[in-house]
Structures are given as C-alpha cells and as structure tokens.
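**Student:** Quick one: the structure is below, questions incoming.
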Amino acid sequence: MSGGENLDVPQDGRRRGNSVGRINVGDTSPSLTTMHTSKFQRRQSDARVYALNEKSSTDRDIWRKLIIAFNELSYRQTWIKPFLVLIFSVATYLISDNGSAIHLFFEAMIIPSYQIEGSDQYGKGINDFYFVGFYALFFTFVREFMMCCVLKPLAIRLGIRKEAKVKRFMEQTYSMFYYGVSGPLGLYIMSKLPLWFFETTPFYTNYPHFTHDLFFKVYYLGQAAFWVQQSVVLVLQLEKPRKDFPELVLHHIITIALIWCSYRFHFTWMGLAVFITMDVSDFFLATSKTMNYVDSIFTGPFFCVFVLVWIYLRHYINLKILWSVLTEFKTVGEWELNWETQQYKCYISQPIVFGLIGALQLVNAYWLFLIFRILKRYIVGGDTVDERSDDESEEETVSSEEDNKKNQ
C-alpha cells in the first residue's frame, strides 16, 4: 500500500485495507446514491423489473409500464427527480409574467435578492431562505449526477469492486470536487477583504457587516445550501448510521447554527474565516482517503501533509479566532445591543459566538485524537485497522456486469 508499510498479501491476491487515508473524520453525509440499500428496496426494484418484462396487451398496460420504468430509472439514477424539479422551477420563472407573484417567488429562489440600487452591494432578507432552499436542491442534483454518471463508472474503471469502497470513493471524490472549488473561492474572497490572511481585528473594526458584494453573498448562501442539503440527507440516513454518526450529527448542527447566526447577526467575516479552515482541510482529507482507495503510493506521505494542514487550520487558526473572541470582541469597535441599528456585538452575543466555535473545536479535537491514532499506526507499522470504519467484509462486490445491466 502506501508509505512503505509491510502489509501481507492474502492468497486471493487482494490487499488488506489500510486505515491511512480511510478514517471517517469529518465525513460529509452520504448521498442518495451511496445510502444503504435495504432488502425491501431491492425487492421493490426486482418487482419493477419483473413487471416491465410482463406482456402488455392494452394502452393502459403500456402507460403503467412507463410509470414503472420511470420509477425504476429514477431509483437507479437518483439525479433525475431533482433535475426535473430544477427544470420546472427555471421554466416557470422564465415563462411567467414579470411582476406576478409566481414570477417573484421563483426569482427569489434562483437569483440573489436585495441588491442596493446604485451599488454592487446586496442586503439580507427572507428571500435568502428561498435561495438557500433552491440551491440545496441544485447541490442534490449535481452530487447525484456526478455519483451516477461520473464517479461510479470511474471507480469501476479504477478496479474498485467492493460496494462499500465504491460508495466511499464516490463520496470522497465528490468532496474533493466541492472543497476544491469552495476552498480557493473562499480564499479569493478573503484576499479582497482587510482580514487577509486570517486577520481577526477586522472582524470587529468593520462590524456590523450589513451588506456584501455578489460573490460574497452567493458564496455564503451557497455554503448554507450545501450544508442544508448534507443535513437533510443525513437525517434520511436512518437505516444504517455509521459509527461516527453522533459526532457527524453534532458537527452538522453546529455548522448550520454558525451559518445562520453569523449571517443573521452580521458576523459573516468571521464566518468566512471559519468556512475556509473547514473547506481547505476537508479537501486534503478527501484527497487522502481517495488516494487510499486507488492504492496510490503517495497515500502515506499525503496523509502526513493532511495532518499538518488539519492542525494548522482546524486548531491553530480556529483557536486564534476563539482567542480574538475573548480579547478583541469587546475592546475593538462598538460594544452594545441595539436592535434598531442591528448592533449585536454585546455581552449576549460574545458567549454565544465563543460557545459555537468552541463546540466545533471540541469536535475537531476529538477527531484529531483519532487522526493521531491512525498516524501512530502508520509510523510504527503496527495495526492498520480503523475501528471507526464499518466492516466491509460482508459488503457486496459491484461487478461490471451488474452495472452494465443497470445502465441498460
């Protein structure tokens, strides 16, 4: 495998799993494609396939088969239903009368609202909730399309056959794609602001941040949409939760609370810094695990790089932000509670901000402990089994014949 570990090769020629790069630390939620498939769902699929093979003698039978075929196709290609809803929404917006209630509703969903006339700045309001909801659906489509049409065929082409590993590969490769975009985008937005590079004082000297330019607003609400989509799918994952399910749920709850509170109470510059620490480290994490699934010789060295990035961003920078909440939150800028002027940097918000970021830090610290255990196993060359990973010995093997059959 990676990093020169001496792993025994079983008689069947397959390599034993290595926990380096495979730890579930900070995993995003499974997609609809990679969720556990129950026996009931498989029986339903088999029943639909059987019904499609029955003889059709009437027009009613043909219509019935069309409905069954659509249900089976959308079961296998999970991107179809969200795609149809997106197409319906955009089409309704385009063909509806300007100024009508339906047009304004879909406009609020699709296009950022509250542009301040005569400037490049955007305010905040109730329409932002509609925007987040629509793009949560958009992320569902993008993720499922990539899973079904790009990443699963890629996994098979790369020789990954075990079902659990195929699903993990798909999840982590998609995470590489998302965080590979959101991380640099966040850094680009930060570079245009006084808080580059993770300067904390501007959080408070320029507070409150009522408005933002288009890129900042779309980025921030896009992050909210991404995490809302992740949380909804996580709630749906009720049949077979992973071993890190409680930590994952807590992480999602804290993240959603941070996003909403920071946006509503104008702490978005601080929120941007936290987003970047999460996204960049998650990119390195997902890349490390993806390398492991394809048996890259760079898995071990890259995992060590990931550990350094994780410590710097998730701990050093976040602790720096926490320290600023204790030391600069009160002393820099105005310090009062005024609902009319929306001045919320006060004795109430300080412990709330510290508590939310501190809770995130505790989750990260727990994950760091597990990361160090994996790193120790890699360095000393001892046990490489990650007890936090689900047992894959009984998972089904995904054969190319089955995939070809499903894609017919």
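The values are calculated or read from the model by the stated rules, or taken from the named source; none is laboratory data. The shown structure was predicted, so the numbers you read here are calculated from the model rather than taken from an experiment. Neighbour counts run over all protein chains shown; Cβ positions are idealised from the backbone, glycine included.
**Student:** Condition check: part of a loop (DSSP other than H, G, I, E, B) and at pLDDT below 95. Does Ser45 satisfy that?
**Tutor:** No.
**Student:** Give the residue, chosen from Thr34, Thr58, Thr78, that is over 16 Å from Leu137 (Cα atoms) and buried (at least 16 other Cβ atoms within 10 Å of the Cβ). I'd like the intermediate steps shown before the answer.
**Tutor:** Numbers: Thr58 fails: buried (at least 16 other Cβ atoms within 10 Å of the Cβ); Thr78 fails: over 16 Å from Leu137 (Cα atoms).
Result: Thr34 is the single residue among Thr34, Thr58, Thr78 that is over 16 Å from Leu137 (Cα atoms) and buried (at least 16 other Cβ atoms within 10 Å of the Cβ).
**Student:** Quick one: in the stretch 298-331, of everything that is in a loop (DSSP other than H, G, I, E, B) and surrounded by fewer than 18 Cβ atoms within 10 Å (Cβ to Cβ), which residue is farthest from the chain's Cα centre (by Cα)?
**Tutor:** Filtering the stretch 298-331 for residues that are in a loop (DSSP other than H, G, I, E, B) and surrounded by fewer than 18 Cβ atoms within 10 Å (Cβ to Cβ), the one farthest from the chain's Cα centre (by Cα) comes out as Thr331.
**Student:** Being within 19 Å of the chain's Cα centre (by Cα), outside any helix (DSSP H, G or I) and modelled with pLDDT under 95, is that true of even one residue in the stretch 216-230?
**Tutor:** no
**Student:** Moving on to the next point. Kindly establish whether Ile254 is more than 24 Å from Phe215 (Cβ to Cβ) and in contact with a Leu (Cβ under 7 Å, 6 or more places away or on another chain).
**Tutor:** Working: more than 24 Å from Phe215 (Cβ to Cβ): yes; in contact with a Leu (Cβ under 7 Å, 6 or more places away or on another chain): yes.
It is true that Ile254 is more than 24 Å from Phe215 (Cβ to Cβ) and in contact with a Leu (Cβ under 7 Å, 6 or more places away or on another chain).
**Student:** Can you work out which of the residues in the stretch 249-258 that are of a type outside the set (Ser, Thr, Tyr) and over 17 Å from Val325 (Cβ atoms) is modelled with the highest pLDDT?
**Tutor:** Only one residue fits best here, namely Ile256.
**Student:** Can you spot a residue in the stretch 267-283 that is outside any helix (DSSP H, G or I) and modelled with pLDDT of 95 or more?
**Tutor:** Pass one, the stretch 267-283, residues outside any helix (DSSP H, G or I): 267.
Next, only the ones that are modelled with pLDDT of 95 or more stay: 267.
Taking every residue of the stretch 267-283 in turn, at least one turns out to be outside any helix (DSSP H, G or I) and modelled with pLDDT of 95 or more.
**Student:** Take the conditions among the β-branched types (Val, Ile, Thr) and assigned to a helix (DSSP H, G or I) and apply them to Ile189. Does it pass?
**Tutor:** yes
**Student:** Okay, next question. If I ask for residues that are on the phi > 0 side of the Ramachandran plot and hydroxyl-bearing (Ser, Thr, Tyr), which ones from the stretch 83-100 would you list? Full working, then the answer.
**Tutor:** Pass one, the stretch 83-100, residues on the phi > 0 side of the Ramachandran plot: 99.
Within the stretch 83-100, no residue meets the criteria.
**Student:** Out of (1) β-branched (Val, Ile, Thr); (2) closer than 26 Å to Met170 by Cβ; (3) without any contact (Cβ under 8 Å) to a residue 24 or more places away in the chain, the odd one out for Thr299 is which?
**Tutor:** It fails just one condition, (3).
**Student:** From (1) out of contact with any Ser or Thr (no Cβ under 7 Å at 6 or more places or on another chain); (2) among the aliphatic types (A, V, I, L, M); (3) touching a residue at least 24 places away in the same chain (Cβ under 8 Å), pick out the condition that doesn't hold for Leu66.
**Tutor:** (3)
**Student:** Consider the stretch 162-199. How many of its residues are surrounded by fewer than 15 Cβ atoms within 10 Å (Cβ to Cβ) and closer than 22 Å to Thr78 by Cα?
**Tutor:** Selection size over the stretch 162-199: 0.
**Student:** Identify, please: which residue in the stretch 116-138 is in contact with a helix residue (DSSP H, G or I) (Cβ under 8 Å, 6 or more places away or on another chain) and farther than 23 Å from Gln230 by Cα and is, among those, surrounded by the fewest Cβ atoms within 10 Å (Cβ to Cβ)?
**Tutor:** Restricting to residues being in contact with a helix residue (DSSP H, G or I) (Cβ under 8 Å, 6 or more places away or on another chain) and farther than 23 Å from Gln230 by Cα, the top hit is Asp120.
**Student:** May I pose another question? Filtering the stretch 348-371 down to residues that are in contact (Cβ under 8 Å) with a residue 12 or more places away in the chain and of a type in the set (Phe, Trp, Tyr), which residue is surrounded by the most Cβ atoms within 10 Å (Cβ to Cβ)?
**Tutor:** Among those that are in contact (Cβ under 8 Å) with a residue 12 or more places away in the chain and of a type in the set (Phe, Trp, Tyr), it is Trp367.
**Student:** Among the residues of the stretch 237-248, which ones are hydrophobic (A, V, I, L, M, F, W, C) and modelled with pLDDT of 75 or more?
**Tutor:** The answer is Leu248, and nothing else.
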